[in-house]
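Have a look at the structure below before the remarks.
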Amino acid sequence: EKAGYDHFMLKEIFEQPKAIRDTLAGRIKDGVVDLAQDISFTEEDLKGIDKIHFVACGTAYHAGLMGKSVVEKLVRIPVEVDVASEYRYRDPIITPSTLVVVVSQSGETADTLAALREAKKAGAKVLGITNVVGSSVSREADQVLMTWAGPEIAVASTKAYTSQLIAIYLFSLHLARVRGSLDAAELKAYTTALLNLPEQAQTILEEADAIRPFAEGIAKHDNLFFIGRGLDYAVVMEGSLKLKEISYIHSEAYAAGELKHGTLALIEDDIPVIALATQKAVFEKMVSNIIEVKARGAHVLGIGLQGDTELGKSVDETLTIPETLPLLTPVLAVIPLQLLSYYASVARGLNVDKPRNLAKSVTVE
Ligand code: F6R
């Protein structure tokens, strides 16, 4: 059932073009996103939303972090993102005009479900984004937007994450159309770029083997850093979680500009730093941050955009991903990071699909 792959995780990484395609299918018509088949919030409901809370755990929380940037940019509604186990206990300000978006692959995570129930009790509208038809989230949320990633068996989430990103783009573009925050040309540009993502993801996967030597280098270390700015910061948080989870290598994900406020003290000779630099708006700043860690002896793997000739000048090694619209880049940028964790785990001889101490679905609080 691994279809010739050594592990479910690798199979699921390679299923991402299909997962993305299936999650987009039928939801884009003539250059606009139409989710009328999926969710029945009225236009009035959607126009009345004055803030959005994303609530989730782990990898799904990282999808929510990306969602904050995307919704705020495209729809101009303020967004907060919480891990579910914190949200419940911090007395968040929830009103009937709050939309709470609960993101959960399994739809059964105990803390996420409890947060969903709290939000409903407080009178918020609740949108569930889940991968499992008939799951508790799908039954209890007011409206549901399914991700169509197919069953995810490996404990480490991969295709569910990229599908969650897609669902969040779709919902944001649906909202942007209804609320008029984007014009037709902008909507068209986003939908066209979304539809190109499966093919672009495929080209990264075709070069997957090229990532193996980097991963084997990293596998010899016990500590490393991921850095990024803007959306790249949200993506490196996910990359760092994945690496910890399946390779047991300690890593921290840092907003690159924040390093010099303390953590730079940990950068010493030969420490690997994975620098994600796909966001043109902050590219120059990112390069300065790379130079800061290089000057302290770090060995930097830069991940940038194809065609960029600058990044290579300030890093030790470079990987590239195809270019898309900046807000959509996380879907592609996470793939080399997933592969890096996968090959590092394999290099260390670990149980990739069933890492120690972890369960696929966390049904305890
Ligand atoms: C990490 C991972 C976990 C889950 C988290 C939430 O690879 O898989 O962090 O993302 O336990 O699970 P769901 O999405 O099922 O609520």
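The values are calculated or read from the model by the stated rules, or taken from the named source; none is laboratory data. Remember, predicted model here, so these are calculated numbers, not experimental data. When we count neighbours, we look across all protein chains shown, and the Cβ atoms used for this are built from the backbone with ideal geometry, even at glycine. Heavy atoms of the whole protein, side chains included, go into the accessibility calculation; ligands, DNA and RNA do not. Shrake-Rupley method; radii C 1.70, N 1.55, O 1.52, S 1.80 Å.
Per-structure values
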{"quantity": "Residue identified as modelled with pLDDT of 95 or more and assigned to a helix (DSSP H, G or I) among Ser106, Ser157, Ser138", "calculated": "Ser138"}
{"quantity": "Residue within the range 45-56 that is open to solvent by 10 Å² or more (accessible area, probe 1.4 Å), out of contact with any Ser or Thr (no Cβ under 9 Å at 6 or more places or on another chain), more than 14 Å from the ligand (Cβ to nearest atom) and touching a residue at least 40 places away in the same chain (Cβ under 8 Å) present", "calculated": "yes"}
{"quantity": "Test: Ser104 is free of Cβ contacts under 8 Å to residues at least 60 places away in the same chain, small (Gly, Ala, Ser) and under 25 Å from Val331 (Cα atoms)", "calculated": "yes"}
{"quantity": "Residue list for the range 57-77, restricted to those being within 14 Å of the ligand (Cβ to nearest atom) and not polar (S, T, N, Q)", "calculated": "Cys57, Gly58, Ala60, Tyr61, His62, Ala63, Gly64, Leu65, Met66, Gly67"}
{"quantity": "Residue list for the range 104-143, restricted to those being within 11 Å of the ligand (Cβ to nearest atom) and open to solvent by 10 Å² or more (accessible area, probe 1.4 Å)", "calculated": "Gln105, Ser106, Glu108, Thr109, Ala110, Asp111, Leu113, Asn131, Val132, Ser136"}
{"quantity": "Subset of the range 321-339 [within 12 Å of the ligand (Cβ to nearest atom) and out of contact with any Lys or Arg (no Cβ under 8 Å at 6 or more places or on another chain)]", "calculated": "Val334"}
{"quantity": "Criterion violated by Arg177 - all others in (1) open to solvent by 10 Å² or more (accessible area, probe 1.4 Å); (2) on the phi < 0 side of the Ramachandran plot; (3) within 16 Å of the ligand (Cβ to nearest atom) satisfied", "calculated": "(3)"}
{"quantity": "Entirely in the range 205-310, the helices (runs of 4 or more DSSP H) that have 3 or more residues that are under 23 Å from Met66 (Cα atoms)", "calculated": "231-247, 283-295"}
{"quantity": "Hits in the range 146-160 - residues which are in contact (Cβ under 8 Å) with a residue 60 or more places away in the chain, surrounded by fewer than 24 Cβ atoms within 10 Å (Cβ to Cβ) and either within 14 Å of the ligand (Cβ to nearest atom) or under 24 Å from Asp50 (Cβ atoms) (or both)", "calculated": "Met146, Ile153, Ala154, Val155"}
{"quantity": "Filter result (in contact with a His (Cβ under 8 Å, 6 or more places away or on another chain) and more than 17 Å from Leu65 (Cβ to Cβ)) within the range 81-98", "calculated": "Ile94, Thr98"}
{"quantity": "Checking Tyr248 against (1) on the phi > 0 side of the Ramachandran plot; (2) without any contact (Cβ under 8 Å) to a residue 60 or more places away in the chain, the condition it does not meet", "calculated": "(2)"}
{"quantity": "Residue within the range 32-55 that is closer than 18 Å to Gln164 by Cα and hydroxyl-bearing (Ser, Thr, Tyr) present", "calculated": "no"}
{"quantity": "Candidates Ser85, Ser163 - the one that is within 13 Å of the ligand (Cβ to nearest atom), hydroxyl-bearing (Ser, Thr, Tyr), buried (at least 22 other Cβ atoms within 10 Å of the Cβ) and not in a loop (DSSP other than H, G, I, E, B)", "calculated": "Ser163"}
{"quantity": "Filtered residues of the range 210-226 (kept if open to solvent by 20 Å² or more (accessible area, probe 1.4 Å) and not small (Gly, Ala, Ser))", "calculated": "Arg212, Pro213, Phe214, Glu216, Lys220, His221, Asp222, Asn223"}
{"quantity": "Close pairs from the range 340-363: first in contact (Cβ under 8 Å) with a residue 24 or more places away in the chain and within 12 Å of the ligand (Cβ to nearest atom), partner assigned to a loop (DSSP other than H, G, I, E, B) and of a type in the set (Asp, Glu), Cβ under 6 Å, at least 6 apart", "calculated": "Ser361/Glu108; Thr363/Glu108"}
{"quantity": "Some residue of the range 85-94 being under 19 Å from Leu173 (Cα atoms) and either at pLDDT 95 or above or in contact with a strand residue (DSSP E or B) (Cβ under 7 Å, 6 or more places away or on another chain) (or both)", "calculated": "no"}
